[in-house]
1. I'd like the residue in segment 158-194 that is closer than 29 Å to residue 342 by Cα, in a helix (DSSP H, G or I) and open to solvent by 10 Å² or more (accessible area, probe 1.4 Å) and, out of all such residues, is modelled with the lowest pLDDT.
2. Can you find, within segment 1-30, the residue that is least open to solvent (accessible area, probe 1.4 Å) among those that are over 26 Å from residue 301 (Cβ atoms) and among the β-branched types (Val, Ile, Thr)?
3. Need at least 2 residues that are over 30 Å from residue 152 (Cα atoms) and in contact with an Asp or Glu (Cβ under 9 Å, 6 or more places away or on another chain) per element, so show me which helices (runs of 4 or more DSSP H) inside segment 301-384 make the cut, counting only ones lying wholly within it.
4. Between residues in segment 76-87 that are within 17 Å of residue 107 (Cα to Cα) and residues that are open to solvent by 50 Å² or more (accessible area, probe 1.4 Å) and not in a loop (DSSP other than H, G, I, E, B), which pairs lie under 6 Å by C-beta distance while being six or more apart or on different chains?
5. Let me confirm something: among 319, 257, which residue is more than 21 Å from residue 122 (Cβ to Cβ) and modelled with pLDDT of 95 or more?
6. Among the listed residues 276, 263, 283, which satisfies the condition of being in contact (Cβ under 8 Å) with a residue 40 or more places away in the chain, of a type in the set (Lys, Arg), open to solvent by 30 Å² or more (accessible area, probe 1.4 Å) and over 30 Å from residue 196 (Cα atoms)?
7. Between residues in segment 129-150 that are part of a helix (DSSP H, G or I) and residues that are surrounded by 17 or more Cβ atoms within 10 Å (Cβ to Cβ) and of a type in the set (Lys, Arg), which pairs lie under 8 Å by C-beta distance while being six or more apart or on different chains?
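The values are calculated or read from the model by the stated rules, or taken from the named source; none is laboratory data. None of the values given here were measured: they were computed from a predicted structure. Here the Cβ positions follow ideal geometry from the backbone for every residue, glycine too, while neighbour counts run over all protein chains shown. Heavy atoms of the whole protein, side chains included, go into the accessibility calculation; ligands, DNA and RNA do not. Shrake-Rupley method; radii C 1.70, N 1.55, O 1.52, S 1.80 Å.
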Amino acid sequence: MVEQLFERTFGRSPQARAYAPGRIEFIGNHTDYNGGCALGAAVDRGISVAIAARNDRECHFVSEAMNQEVVAALDHITPLANSFAWANYPLGVIHVLREEGFSVGQGIDLAVASSLPAGAGMSSSAAFELATAYGLAVLNGFEVDRKKMVQVCRRAENEFVGMPCGILDQGTSAFGAPDHLVHVDCLTETFTQVPMPGSCHLWIFNSNKKHSLVDSKYSERHRECSEAFEILRHAEPEAACLAHVSPSTVRAQQRELGETGFKRALHVTEENLRVKEAVEALKSGRLEIVGALLTASHQSSKTLFENSCAELDYLVELLTDLPGVYGARLTGGGFGGAVMALTDTTFEDLEGPAKIASCYTEKFGIEPTIFHTRTGKGAGQLVD
């Protein structure tokens, strides 16, 4: 537990505790930073922090996953490197909160613990940022509305950590609720909870294929999408962002876009439409349609956005052939990582997870990590 870690490390009790869930990208692959819509699911596990003020101007961080204590100066916050880089997430939150005018006037001791499976693409970074932000708010006696908290944490990741992510991760973690997905309009930064039938189950199949150069490839895709929009905005000037361009315009501009730009733009514009269709299908309980959209999303990520890999493709192929599975797709940035499946209650009874594990291990010589989850509560203060 995070309280015990805090007490062992710092020799006292924490003054505040906070929690934020991990998230699954349900559908909307790479639409977020392109101004589109996405659906996310806050899961029932996440990141917990315990925090207390110090009498000096130092920030001390300890993680149950790391065998080290990281120390940084409150009055000289700069990004850390190498094995200390994990502390950039809370440091970035402190930095942005102070820039936004919130009082963080003392050094802190902070311990962090996770119940998320490692490498499953559940955005532990966004959860770490949000849990830190809520802990700091309690500790320093200021209030921040949920949307502002999301924006602060996204700025921390974009500007301090240096990852050009959209707002899906933080938004889903902040606005999650049991038996609901979170619809994120990334252009207007609005968040809406979408009911999901309680009979639905979410399964994560971590390929245990390490992400291949994910940071550089993520940045590369970000650049390719920006370049495509620069071309398309002249053909469709009313479009405020790439995701709002119509797929027909993309097809009409194929020669100007070139092969790579065309693929990236077609994926984003069609994926944005799939998100909208998924919301409507969920509202009417048409889960077979939702599942088909999930699988179509994966195929688009594979062929157009080219952020899948053989291991993820095989998992999706296996899953979509099994009874009890509505649909499956890669989740998160891609280039390795995990696949998400939407199933009914019979999937586990029919030994679906065991069949997937056996076939996958036989083919790749790697055992997948399988994680069953339901939707959970959003970020906030932890109280006894």
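1. Taking segment 158-194 first, the residues closer than 29 Å to residue 342 by Cα are 163-194.
Narrowing the set further to residues that are in a helix (DSSP H, G or I) leaves 168-175.
Then keep just the ones that are open to solvent by 10 Å² or more (accessible area, probe 1.4 Å); that gives 169, 175.
Details: 169: 91, 175: 98.
Here the answer is 169.
2. For segment 1-30, the residue satisfying everything is 2.
3. On the way: elements: 310-320, 346-349, 352-364.
Correct list: 352-364.
4. Close Cβ pairs satisfying both conditions: 77/95.
5. On the way: 319 fails: more than 21 Å from residue 122 (Cβ to Cβ).
That would be 257, the only listed residue that is more than 21 Å from residue 122 (Cβ to Cβ) and modelled with pLDDT of 95 or more.
6. On the way: 276 fails: over 30 Å from residue 196 (Cα atoms); 283 fails: over 30 Å from residue 196 (Cα atoms).
Matching residue, one of 276, 263, 283: 263.
7. 135/17
So that you can scan it fast, the table gives a plain yes or no per residue for (1) part of a strand (DSSP E or B); (2) in contact with a helix residue (DSSP H, G or I) (Cβ under 7 Å, 6 or more places away or on another chain); (3) open to solvent by less than 60 Å² (accessible area, probe 1.4 Å); (4) farther than 24 Å from residue 9 by Cα:
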site	(1), (2), (3), (4)
75	no, no, no, no
87	no, no, yes, no
122	no, no, yes, yes
125	no, yes, yes, no
